[in-house]
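Working notes for the structure below.
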Ligand SMILES: [Ca+2]
Ligand SMILES: [Ca+2]
């Protein structure tokens, strides 16, 4: 009896093993997966003038990719200071918009990788001399509309043309260009396309710098590459630089403020604090059902904040970025800490910009070979009590790699 029992027990694992094996044996043989293959059609030679873009768009056919997203890499041979030739990656998309600062013959390598399979192709670009000298600073003023601010009345313009001529002069002389509060902007143009250097910052936005007495807000940046080469920054050529604040919840996209010209006959409505000279001075409305008034401060009571040449009302637009402004005078409104942003703005610790941060209206990254135009605008709407509105004062934009 006992013997039988033992045998029975021992049989269970035996059967179990047999069962497992038989299950395996009915699994169909794995169908061999066809190896991926890559074919590249790329012209051998291209030619372009320096600081101009040539489009290099190879034909890539990938078979049996098994859903793997291919990776692309363009590199050029660069001779370092030590005389050693190295591959330098210049692009990671299929299409390359090649642009180079120097006349030379460039040897390009194009690599496509799909899983474990890699294919390479090569091309040459002959970059010719233009016999032009290019300036690192954007010297041409293309557009300028200030928002209200305490320094608008120093300019007694009657037309926009007059304002532009005067601000061009300021830019030429290295003088400052006041932008006022939210939405105030200036557009400048380079005499060349600022190259979007791969993995590097490309240009710098110089604003008036903070002192112990006066604090300036960071400013936002738009860029335009003159893709159709008509010399104009067309509406569809503008892209926003998505800096460190761009995706934060307090950031308001497509914000618009309308400013109303103050009535000089209106009696001042003083506030509780001595610095509040007129709390109903300059009316504004926005496109989020908001409205209010900019207070005229006692210190600037003789100033006209509204640019007289801009008519009865005008509207300024952009992404509104939240800027922390903290009263550090126990609510007296006489002393403030003004916040700053990490990267991707002017008026911050490091105001250098990588063109690769540009995004389209849907927030999607765009690949620009470079930029010809830079728009700088005040993207926060804040005041620092007795010190008045937080206003931006523009100095210049400059190519970092020229
Ligand atoms: Ca770059
Ligand atoms: Ca254009």
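Given the criteria within 16 Å of ligand 2 (Cβ to nearest atom), out of contact with any strand residue (DSSP E or B) (no Cβ under 7 Å at 6 or more places or on another chain) and not in a helix (DSSP H, G or I), does residue 232 qualify? Break it down into steps so the answer makes sense when it comes.
On the way: within 16 Å of ligand 2 (Cβ to nearest atom): yes; out of contact with any strand residue (DSSP E or B) (no Cβ under 7 Å at 6 or more places or on another chain): yes; not in a helix (DSSP H, G or I): yes.
Spelling it out, residue 232 is indeed within 16 Å of ligand 2 (Cβ to nearest atom), out of contact with any strand residue (DSSP E or B) (no Cβ under 7 Å at 6 or more places or on another chain) and not in a helix (DSSP H, G or I).
Look through the range 203-229, keep the residues that are surrounded by 22 or more Cβ atoms within 10 Å (Cβ to Cβ) and in a loop (DSSP other than H, G, I, E, B), and return whichever of them is farthest from ligand 1 (Cβ to nearest atom). Selected residue: 217.
Just need a number here: residues in the range 293-313 that are under 30 Å from the mean Cα position of the chain (by Cα) and either farther than 15 Å from residue 264 by Cα or buried (at least 17 other Cβ atoms within 10 Å of the Cβ) (or both). Working first, answer last.
Initial filter on the range 293-313 (under 30 Å from the mean Cα position of the chain (by Cα)): 294, 305-307, 310, 313.
Then drop every residue that is not either farther than 15 Å from residue 264 by Cα or buried (at least 17 other Cβ atoms within 10 Å of the Cβ) (or both), which leaves 294, 305-307, 310.
The number of residues fulfilling the criteria is 5.
Considering only residues in the range 191-202 that are crowded, with 21+ Cβ neighbours inside 10 Å and not in a strand (DSSP E or B), the one that is nearest to ligand 2 (Cβ to nearest atom) turns out to be 196. Residue 149 meets each of the listed conditions (1) surrounded by 13 or more Cβ atoms within 10 Å (Cβ to Cβ); (2) more than 22 Å from residue 294 (Cβ to Cβ) apart from (2).
For residue 326, are the conditions met, namely being loosely packed, with under 14 Cβ neighbours inside 10 Å and in a strand (DSSP E or B)? Working first, answer last.
On the way: loosely packed, with under 14 Cβ neighbours inside 10 Å: yes; in a strand (DSSP E or B): yes.
Yes: the conditions hold for residue 326.
Taken as a whole, the structure leaves residue 160 outside the set of residues that are over 27 Å from residue 256 (Cα atoms), more than 16 Å from ligand 1 (Cβ to nearest atom), at pLDDT below 95 and not assigned by TED's automatic domain parsing to the domain that holds residue 90.
Checking each residue in the range 76-87 for being more than 12 Å from residue 110 (Cβ to Cβ) and in contact (Cβ under 8 Å) with a residue 24 or more places away in the chain picks out only 77. Screening the range 333-364 for residues that are farther than 21 Å from residue 204 by Cβ and within 12 Å of the chain's Cα centre (by Cα) and picking the one that is farthest from ligand 2 (Cβ to nearest atom) gives 363.
The values are calculated or read from the model by the stated rules, or taken from the named source; none is laboratory data. Keep in mind it's a predicted model, so treat the numbers as computed, not measured. Quick reminder, even Gly has a Cβ in these numbers, built from the backbone with ideal geometry, and neighbours come from all protein chains shown.
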